[in-house]
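Notes follow the structure.
Nothing in this text is a laboratory measurement; each read-out follows from the coordinates by a stated rule. This one's a predicted model, so the numbers in the text were calculated from it and none came from an experiment. Note that each Cβ is placed from the backbone with ideal geometry, even for glycine, and that neighbours are counted across all protein chains shown.
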Amino acid sequence: MSFTAPSDPVNKPVKVKVSQLCELCHSRKALIRRPKNLSKLCKQCFCSVFETEIHNTIVANNLFQRGERIAVGASGGKDSTVLAHMLKLLNERYDYGIEIVLLSIDEGIVGYRDDSLATVKRNQQQYGLPLEIFSFKDLYNWTMDEIVSVAGIRNSCTYCGVFRRQSLDRGAAKLGISHVVTGHNADDMAETVLMNILRGDVARLEKSTAIITQSSGSPIKRSKPFKYSYQKEIVLYAHYMKLDYFSTECTYAPEAFRGTAREYMKNLEAVRPSCIVDIIQSGENLALKAKKSNAKKKVVKFVDGNRCSKCGYLSSNIICKACMLLEGLEKSRAQVSIENDTSTEGAAMKLRALEKLSF
Amino acid sequence: MECQRCHVSGRKPATVNSRKERFCDECFINFVSIKQRKQMMKDEFFRNLFKVVYPLDQKESIGKILLPLSPSDSGSLVMLDIVHDLLLEQLKQHNNHTGFTVDVLTIFTEENFPVVRERMESLVKEKMLELNKTSNIYKVHFININEFFNSTSEVSSLIIDDGNFEIFTKSRSVGGGNRLTLDEISGEYCLNNSSRTDLTSIMKVQLIKHFAYENGNNAIMWGHSMTKLSEVIISLVVKGKGSQIATFLDTESFDNLDDKPCNYKNLYPMKDLLSVEIESFLQIKNLAKYLINAEETNSKPSCSVTKNPSPSLDKQKLVKNMTINEITNKYFQDIQNDYSNIISTVLRTADKLTEPISNMIKPSKCQICQSKIYSNPSDWLDRITVTSPYPIETNEEEYLFKQWQDSKLGQSHTHYMQLLGEIKNDNDGSNKDDKLCYGCLILLNTSIKDKNLIWPKVNTMNGLVNSTNNDRELSQILEQFEINSDLEE
């Protein structure tokens with residue numbers, strides 16, 4: 001009797017069916033359905049398409065100038081991690097000639113931001129990019145945990161949004177950088193367009209999809225290279241490129257109304273995956289009627305480039321939004337406090353821990 | 001609980017609770033009527049259109065209104081009822097004269113025609129009897145939705161190049177039994193429910209507008225409530241048609257069909273009313289019997305204090321099977337309790353919009369929905385989407401590629417490329433950038449089989465008024481009316 005060797009179950013070549021092939025190259029097994037249009041793609045095609053699309057956005061909108069110093073708003077989350085990786089990659093591949101600096105803001109949320117900052121520090125090592133961290137505590141003498149203990153959890157996003165925006169500008173100015181790049185993606189953009197219509201925020205409606213924003217009096221401009229990139233694709237890219245990012249959501253509750261808009265968009269995506277870029281396309285084409293002049297009504301006209309009388313930051317009013325919020329906070333600050341009190345620290349973390357408790 | 005609107009001395013029990021106010025039936029009907037009439041008298045054009053103008057022998061002064069009536073749209077039923085009350089008042093006050101006449105137009109499909117005809121005829125018959133006058137104040141027209149295909153003499157074959165999103169068209173004349181039908185479009189071309197509904201809706205609107213043009217109407221009264229308008233506005237944004245919002249809501253300019261100036265303006269008399277208020281009005285006036293799917297309508301939320309409102313949308317329906325408009329409608333229903341002013345805010349915001357500045361070399365219109373194109377959608381999409389593959393690197397990849405080429409999938413792709421090549425060669429020479437608006441381009445690219453659609457050239461539409469199924473119906477109605485009139489005498 002002759003001996004027949006058993007087939008090797010480990011090294012046996014996997015037969016790929018034609019229907020399983022990538023819809024772009026038709027030569028490799030498709031691994032994902034692209035969230036943007038549901039086409040089946042292999043890993044190589046997906047990464048190539050994703051990178052090229054971002055490069056095209058940068059070039060078409062003339063985002064960078066040779067020799068420019070760019071601050072990447074780095075939070076350690078998926079968007080900013082992929083952004084830092086991508087800018088470094090594209091800068092080397094296409095020779096943009098830009099200098100990239102990571103700029104982080106420490107809002108002072110124990111159990112969330114301290115962990116995500118640790119990721120940013122690792123990214124700094126991995127990409128070999130300089131990192132600067134500015135904290136709310138240093139800039140405003142408040143941490144987000146302290147703000148929440150005074151103002152409550154419901155308004156946390158309002159305070160955080162206003163202070164973080166200003167902190168990025170202040171941080172960039174201190175570093176002598178005039179261009180901040182943020183990881184706002186297509187989902188954020190579409191959500192903003194919808195929210196502005198649903199809330200009737202006419203002042204922001206026309207500018208809600210601008211890829212570069214800059215006030216005439218400000219030396220700092222902002223840009224969003226991920227304007228047309230789906231959040232899900234950013235996550236998939238980070239996964240396939242094995243990027244090191246912090247995936248926990250902010251521990252403070254997101255704004256309730258924004259939550260309803262997100263849910264609505266999720267439902268829309270199930271029916272029409274392209275809806276996110278479709279909303280952006282709509283947003284780019286929203287134009288407001290010219291206002292009827294009313295001679296009797298005395299209107300205080302907004303002048304782009306106005307300065308806050310308190311801190312000198314750009315403001316459409318006499319004092320800026322951050323100073324206005326700070327004023328309110330100072331009034332509510334406890335007159336007497338316990339020395340080395342840490343009870344407000346990690347309030348959000350505790351809340352999350354409590355939520356997970358079950359009986 | 002008592003009505004808060006009645007005179008203090010004789011307050012009736014409240015039956016409806018709306019906008020934090022309690023109404024009795026009579027006050028609520030009054031409230032709804034005033035809201036509609038206010039819109040009908042909003043500017044000089046519409047005031048002159050609806051009022052009785054003296055001297056009465058000036059025929060030009062009689063306004064000719066087109067009222068699209070659908071037994072599945074409660075708004076149009078309520079609108080007709082209120083317009084009818086206005087006509088009754090005018091007859092009484094102006095010695096049997098009215099300021100306008102009404103063309104009632106119903107679009108039907110083959111399968112629902114018997115029911116639609118029965119319901120709409122009985123409604124208009126009832127109204128005519130109330131008028132007590134044998135003049136042609138009402139004219140009833142029924143149009144088969146397939147007239148959209150039958151009344152056009154040319155069709156375009158539209159195909160999208162999936163490499164750069166360019167659209168290519170090939171026109172040809174049609175005739176005889178070579179016509180498309182709604183069923184063919186829905187069954188053979190549309191890949192999902194949403195595209196099916198979108199195309200059907202485009203067909204209906206085009207038929208109504210072309211009818212108004214041919215029939216010489218001065219205004220089209222659309223039965224959209226505030227809720228419905230907000231739903232359409234958000235849906236337009238979601239479909240990438242945000243640039244069309246201003247034109248859609250425009251009631252100040254005359255409409256423009258295929259660049260032919262029209263004599264009519266669009267009007268939304270119900271735009272100050274919420275859908276729940278319309279449902280309550282239907283119930284009070286006992287109009288729900290004319291609705292198709294009346295049982296569904298009866299369960300629709302209303303602001304009646306005597307009935308428990310229940311959600312109208314079928315909760316069992318999966319999101320995947322819903323259309324964009326249905327999802328938007330559901331969203332509004334879900335947030336209505338917590339954010340009650342959202343619907344009015346959306347409409348108020350949309351009213352502040354205008355047409356965007358066009359960057360097209362020459363003005364053009366979408367060949368599917370007939371809306372203006374303001375920027376080249378193919379270029380925009382091509383700028384943000386990469387469709388070129390990562391190169392083939394190994395022998396195994398080369399082998400798999402050859403296998404794909406020989407397979408059915410590869411052959412189907414070859415067929416698509418051949419079709420594309422043919423149409424590209426026969427392309428009718430018009431500008432490449434003036435074929436479709438962004439929303440319709442996406443529809444063609446993602447929801448139409450083989451990215452190829454045959455669609456009538458709407459500018460060749462003709463003879464719509466003659467094709468209406470009105471003569472027999474109208475004579476029957478008049479016949480019945482005259483008998484009754486004689487009896488009364």
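A few comments on the model shown:
- Cross-link pairs exceeding 21 Å between alpha carbons, from the set A:40/B:449; B:402/B:424; A:266/B:241; A:36/B:457; B:20/B:352; A:242/B:402: B:402/B:424; A:36/B:457; B:20/B:352; A:242/B:402.
- The peptide list B:68-77, B:229-238, A:146-155, put in order of mean Cβ contacts within 10 Å with the highest first, becomes B:229-238, B:68-77, A:146-155.
- Rounded to 10°, Cα long-axis angle of helix B:395-406 versus longest principal axis of chain B: 60 degrees
- Gain in span if fully extended, residue A:29 to residue A:202, counting 0.36 nm per residue against the direct Cα distance: 57.5 nm
- Ordered by the number of other Cβ atoms lying within 10 Å of each residue's own Cβ, fewest first, B:390, B:54 fall into the sequence B:54, B:390.
- Neighbouring Cβ atoms from other chains, within 10 Å of the Cβ of residues in B:231-240, number 6 on average.
- Average beta carbon contacts from partner chains per residue of A:16-26, 10 Å cutoff: 6
- Beta bridges from DSSP with both residues in chain B: antiparallel share about 55 percent, rounded to the nearest 5.
- Listed residue (B:325, A:229, B:410) projecting farthest to the positive dipole end of the protein assembly as shown, Cβ model: A:229
- Note that the stretch A:198-204 has calculated 3J(HN,Hα) couplings of 5, 8, x, 7, 5, 4, 9 Hz, one per residue in order, obtained from phi through the Karplus relation 6.51 cos²θ - 1.76 cosθ + 1.60 (θ = phi - 60°); glycine and proline are x.
- The GluC sites (Glu not before Pro) of the stretch B:24-128 meeting both criteria, a DSSP state outside H, G, I, E and B (loop) and at most 10 other C-beta atoms within 10 angstrom of the site's C-beta, are B:111.
- Cβ-Cβ FRET estimate between residue A:137 and residue B:352, R0 fixed at 56 Å, reported to 0.05: 0.85
- Cut-off under 5 Å, modelled amide H: who pairs with residue B:354 long-range: A:287, A:288, A:289
- Ordering of B:398-408, A:77-87 by packing [mean C-beta count within 10 Å, highest first]: A:77-87, B:398-408
- For the stretch B:364-456: rounded, prolate or oblate by the Cα gyration tensor [a/c cutoff 1.5]: prolate
- Anisotropy class of the stretch A:51-203 from Cα gyration tensor, a/c 1.5 cut: oblate
- Take the Cβ atoms of residue B:26 and residue A:291, set R0 to 41 Å, and the FRET efficiency comes out at 0.50.
- Ranked list, fewest to most other Cβ atoms within 10 Å of each Cβ, for A:227, B:457, A:242: A:242, B:457, A:227
- Shape class for the stretch B:1-125, computed from the alpha carbon gyration tensor (a ≥ b ≥ c): oblate, with a/c not under 1.5 and a/b at or below b/c.
- Cα extents for the stretch A:164-297 along the principal axes, largest to smallest and rounded to whole angstrom: 61, 46, 28.
- Largest-first ellipsoid semi-axes for the stretch A:78-131, taking √(5λ) over the Cα gyration tensor eigenvalues, angstrom: 24, 10, 9
- For residue A:104, nonlocal amide neighbours, meaning residues 5 or more places apart or on other chains whose placed amide H falls under 5 Å from its own, are A:74, A:132, A:133, A:134.
- Put simply, the convex hull of the Cα atoms in the protein assembly as shown casts, on average, a shadow of 51.9 nm².
- The residue list A:264, A:290, A:128 was ranked by how far each Cα lies along the charge dipole of the protein assembly as shown toward its positive end, using unit charges on Cβ atoms, and A:128 comes out on top.
- Only Lys, Arg, Asp and Glu carry charge here, each on its Cβ (+1 for the first two, -1 for the last two); on that basis chain B has a dipole of about 1300 debye about its Cα centre.
- Taken residue by residue and averaged, Cβ atoms of other chains lying within 10 Å of the Cβ of B:399-406 number 5.
- Using C-alpha pairs below 8 Å separated by at least 6 residues, the relative contact order for chain B is 23 percent.
- The C-alpha atoms of chain B define a longest principal axis, and helix B:324-335 lies at about 50 degrees to it.
- ³J(HN,Hα) computed for each position of the stretch A:58-70 - Karplus, 6.51 cos²θ - 1.76 cosθ + 1.60, integer Hz, glycine/proline x: 5, 6, 4, 9, 6, 5, 10, 10, 4, x, 6, 9, 10
- On full extension, the segment bounded by residue B:258 and residue B:379 gains 41.1 nm, given 0.36 nm per residue less the C-alpha separation.
- For the peptides B:93-102, A:228-237, the ranking by mean Cβ contacts within 10 Å, running from highest to lowest, is A:228-237, B:93-102.
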